Amino acid sequence: MRIGKICLIGVLAGLSQPVLAQTPVVLQNVPAVEEEKIFRQITLDELGYRRGVTFTSFFGREDLYFPVPEREGLLSAQLILNYSSGSTVDDERYVRIWADDRIVKAINLAQLPSMGQIEIPVDVSQSAGGFVRITLEYSGGSSELMCLDERVSGDFLAFREDSMLVLGLNPNDLNTADTIARLQPTTTRVTIPEGPLSPTVLTAALKAASLYDAESGQVAFGGASANTGFDWTEAQISITASDTATGFASLLEADKREGWPLLTISGADAQQAFDLLNEKTLAGLSTVEALSSDGFTAFETNETAVGFDQLGFDLGMQSSSGTSTFDFAFDIDQLPQGMRPGSVSLLVAAAQSSSEDAGEATVVAFLNGTILGSAGVPDSSPTWMEFDIPKGLEARDNIMRVQVLRRHTGDACELAPQSFPAQVLPGSAINLLSQSGEVLDFYTLRQNMQGNVDIMVESTLQQTAPAAFLNRITPALASVIPASADLIPVTSLSETSTVPFIYVSDRPPLGSDPRLRFDAGVVELRNGRDEVIFNGGELDQFAMAQIVTIGTRSGLWLRLGQGEAPVLSKARPLVLDRGDVALMDQSGIVLATSTAHGSLVRIEYPERQHLWKTVERYRPWIIVGIWLVVTLLVLRILRSIYASKQVGSD
């Protein structure tokens, strides 16, 4: 991977050149407005809780990590929880809210309506590390008048995904790039220079699309900002890069536009600035005002295993009297190139009950909803267990689930069910197996693009309206380009190279033989019943993504088609996962199929296969005709033999 010099600084107004400083860099000559405040709403959906947080069975605990300023700038913090609650029996239920191990509110749910909103001021002044930990703790039990088994209580407490922490921020104090990057909204608007799209701006724009989830509709190029009033709802990034820029290869600066925080990126290799904006790097930039990328080392893994700690999994402890569930999410590009998950090794500790009837805890492992296996934990000592992962079970986005199951212990109504802690310990790992170099699915292509990636775009496509062009290509490309890719603009694709590539054009790349092409006459896509599902002019309206091979290298060919740019959201993303051919329109993926694994969709070219179509149509009659001809020939031969024998006997 190419390494160049990167600098992260604040903009110093009035100075012609950036200045590197050891003290925090502040925007000068910015008029300070007393009590000036903007509001940043950080929702549970933004934190990854797409369906909110739900508790049942009188028990639950969840830690939520909200980003907050590490230095000055925070004026207020308000926690807003939109909830719904209920139970089928008369019981007493409570919820406690903590902020960094300090209780800020305890609520009796019986005193609240079944649906509503809880608002709590939060003091985050003592928070450290750039985050405040908000803990939701749910508990309860039966009333004094009845004995109740929590497994059949029918109780629940749900916090909706639009619950949020609202930060009141002083925009004048958001004056360093790392602070803006930590706090900015996930929806991002990127502005680029006018005129033809240069290679430097193209690669920087693609890195922005990959980093900020353009496949989920979270990135827009060009257009007016959505920030209005006092609500900071959209991040702003300005790419001012130039292919002839001098000085630093990539420069990341804090600025303001119309009073709103702005990140400005420039330099001859501007894409490298986005390497500083990923979450892992930001974790080490809280007090750094200037740095060079020479100080970074590539993420390294063991050749045969990747530890849960390396993957950033939360290995916190859970307590439960029944089932403890641990969900671990990882992307396929977090595994080394050419490797697939072959098995998972788990080190599990589960405290045991002293009751003779309790039995041992049972661990069940899942990957993407499929059971891998189960094993018992014989005692309270940490126990190793390993489960094989069938080939092909992995995907672009993966969920590893580990459940620790216990038998409820208690004595009828005399003793309440006892909770016991369980934990998946560090040392747990995904064991790797090598796989063939042939790329058969989009997710495998994404895994192979962790290093250098050649990018070639047909020049006629990017000459006019570059922002509109980027809005059309980035959703599909962001789905296969990982944030760790290093994009290299090229003018041709060599057959001798082994580097994966991206090719954007109406025509297939030279030296490739795509299964679905548009320069071989009319093309038809048929289903298993031989019915045409798409053909001719219909296909021209769709954008197409297809894995193609040139020599020994594989890459993605993107054909834009004549349709509109996709309109996407987190609920309806454009994810290229399984398969090697995908058709897309304004709503996202219309069809994804595999030509390598066998598919219910067949690709045919009627003009090429006219003779074979005729044979297929009249095949029964042709068989009958051939049978008659063969029969007549056999009869003729037999008649000749019989006639010759008659002549010989005479």
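The values are calculated or read from the model by the stated rules, or taken from the named source; none is laboratory data. Everything numeric here is computed off the predicted structure, so don't read it as measured data. Positions of Cβ are backbone-derived with ideal geometry, glycine not excepted, and every protein chain shown enters the neighbour counts. Side chains are part of the model used for accessible areas, which takes the heavy atoms of the whole protein and leaves out ligands, DNA and RNA. Shrake-Rupley method; radii C 1.70, N 1.55, O 1.52, S 1.80 Å.
If I model a spin label at Ser125 and Val522 as a point 7 Å from the Cα along the Cα→Cβ vector, what separation in nanometres do I get?
Placing both labels 7 Å beyond Cα along the Cβ direction yields 7.7 nm.
Report the convex hull volume per residue for the range 539-593, counting only C-alpha atoms, in Å³. Display every interim value, and only then the final one.
On the way: hull volume 4.6 nm³, N = 55.
Enclosed volume per residue, from the Cα hull, is 83 Å³.
Less than 10 Å Cβ to Cβ from Leu560, Lys/Arg counted +1 and Asp/Glu -1: what total charge do the surrounding residues give?
0
Order the peptides 39-49, 161-171, 485-495, 630-640 from the highest to the lowest mean number of other Cβ atoms within 10 Å of their residues.
Values: 39-49: 18.3, 161-171: 20.5, 485-495: 16.4, 630-640: 10.0.
Put in order of decreasing packing, that is 161-171, 39-49, 485-495, 630-640.
Under the √(5λ) rule applied to the eigenvalues of the Cα gyration tensor, what semi-axes describe the equivalent ellipsoid of the range 465-596? Give them in Å, descending. List each step's numbers first, then the result.
Details: eigenvalues 104, 78, 41 Å².
Those come to 23, 20, 14 Å.
Rounded to whole Å and sorted largest first, what semi-axes of the equivalent ellipsoid does the C-alpha gyration tensor of the range 338-409 yield via the square root of 5 times each eigenvalue?
Working: eigenvalues 160, 28, 14 Å².
Those come to 28, 12, 8 Å.
Can you list the GluC sites (Glu not before Pro) in the range 497-579 that are in a DSSP coil and have 16 or fewer other beta carbons within 10 angstrom?
Details: sites: Glu524, Glu531, Glu538, Glu564; in loops: Glu531, Glu564.
Sparse-neighbourhood loop GluC sites (Glu not before Pro): Glu531, Glu564.
What order do Trp627, Trp232 take when sorted by accessible area (1.4 Å probe), most exposed first? Numbers along the way, then the final one.
On the way: Trp627 160, Trp232 5 Å².
Result, largest first: Trp627, Trp232.
What relative contact order, as a whole-number percentage, does the range 514-592 give when Cα pairs under 8 Å and 6 or more residues apart are counted?
On the way: 119 pairs, mean separation 19.0, N = 79.
Worked out over the range 514-592, it gives 24 percent.
Give the calculated FRET efficiency between Gln78 and Tyr618 to the nearest 0.05, with a Förster radius of 45 Å applied to their Cβ-Cβ distance.
On the way: r = 77 Å, r/R0 = 1.70.
Approximately 0.05, to the nearest 0.05.
For the range 54-133, just the Cα set please: Rg and Dmax, both in angstrom.
Just the Cα atoms of the range 54-133 yield Rg and Dmax of 14.7, 49 Å.
For the full complex of protein chains and a 1.4 angstrom probe, list Tyr83, Tyr65 by accessible area with the highest value first. Numbers along the way, then the final one.
Working: Tyr83 5, Tyr65 110 Å².
Correct descending sequence by accessible area is Tyr65, Tyr83.
Once you have the Cα-Cα distance between Thr549 and Arg102, take 0.36 nm times their residue separation minus that, and quote the gain in nm to one decimal. Display every interim value, and only then the final one.
Working: separation 447, 0.36 × 447 = 160.92 nm, distance 5.76 nm.
Here the answer is 155.2 nm.
Measuring from centroid to centroid over Cα atoms, what is the spacing of the range 544-559 and the range 500-541 in Å?
13 Å
Could you compute the net charge surrounding Thr444? Neighbours are other residues with a C-beta less than 14 Å from the C-beta of Thr444; K and R count +1, D and E count -1. Each step should come with its number before you reach the end.
Numbers: positive: Arg340, Lys391, Arg396, Arg446, Arg553, Arg578; negative: Asp331, Asp333, Glu394, Asp397, Glu438, Asp441, Asp577, Asp580.
Net charge around Thr444: -2.
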